[in-house]
Amino acid sequence: MKGQPGLDFRSFMDHALDEARAAAARGEVPVGAVIVAGGRIVARAGNRTRELADPTAHAEMLAIRAAARVLGERLVGADLYVTLEPCPMCAAAISGARIARLYYGAADPKSGGLGQGPRIFAHPQCHHVPQVYDGLAAPEAEALLKAFFAARR
């Protein structure tokens, strides 16, 4: 991980994994996300790009939109749990929403925007950088993705 959560850390990644499983059951790439504020889940989502015919309907984007309806435009102090490393589009939205902490599971060497590719949070024009913790429940997240894509080959 890029940082270590504190001793009183409580993970919500199991809820994100539930959303990823639900996405897979709908025929979507199994990525799930939850946003937590004040110790409670305020938004949860799984990928819906096919269902909504919307290339921006990634789990993170849908969760950010739902959380903003509850908390307002800025999600200051909120945590985002997502099963896969965010792509560049989602990383920019995470920054714009001012999310405090990002926890993600599997790395995405092909389309990731943080540790791979453009490294959005390292860019000088990125105005807000959340604390990032990677590898949380990575084996479970990777297994969901591998099983999903193996079934389609």
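Remarks
- For the chain: accessible area per residue (Å², 1.4 Å): 50 Å²
- Scanning residues 5 or more positions from Leu102 or on other chains, those with amide H under 5 Å from its amide H are Leu80, Gln131, Val132, Tyr133, with H placed 1.01 Å from N in the peptide plane.
- MRE, 222 nm, helices only [DSSP H, n ≥ 4, -39500 (n - 2.57), over the chain, to nearest 500]: -10500 deg cm²/dmol
- Trypsin sites (Lys or Arg not before Pro) within segment 52-133: DSSP coil, no more than 12 neighbouring Cβ in 10 Å: Lys110
- Of Ser11, Ser95, the residue with the largest accessible area leads and the full order is Ser11, Ser95 (1.4 Å probe).
- Accessible area ranking (1.4 Å probe, heavy atoms, ligands and nucleic acids excluded), largest first, for Thr56, Thr83: Thr56, Thr83.
- Largest-first ordering by accessible area, 1.4 Å probe, given options Asp54, Asp79: Asp54, Asp79
- To put it simply, the accessible area of the chain at a 1.4 Å probe is 54 percent carbon and sulfur.
The values are calculated or read from the model by the stated rules, or taken from the named source; none is laboratory data. Source: prediction; values computed, not measured. Methodologically, a virtual Cβ is constructed for each residue, glycine included, from the backbone with ideal geometry; neighbour enumeration extends over all protein chains shown. Each accessible area value is taken on the protein alone, full model and side chains, heavy atoms only, with ligands, DNA and RNA left out. Shrake-Rupley method; radii C 1.70, N 1.55, O 1.52, S 1.80 Å.
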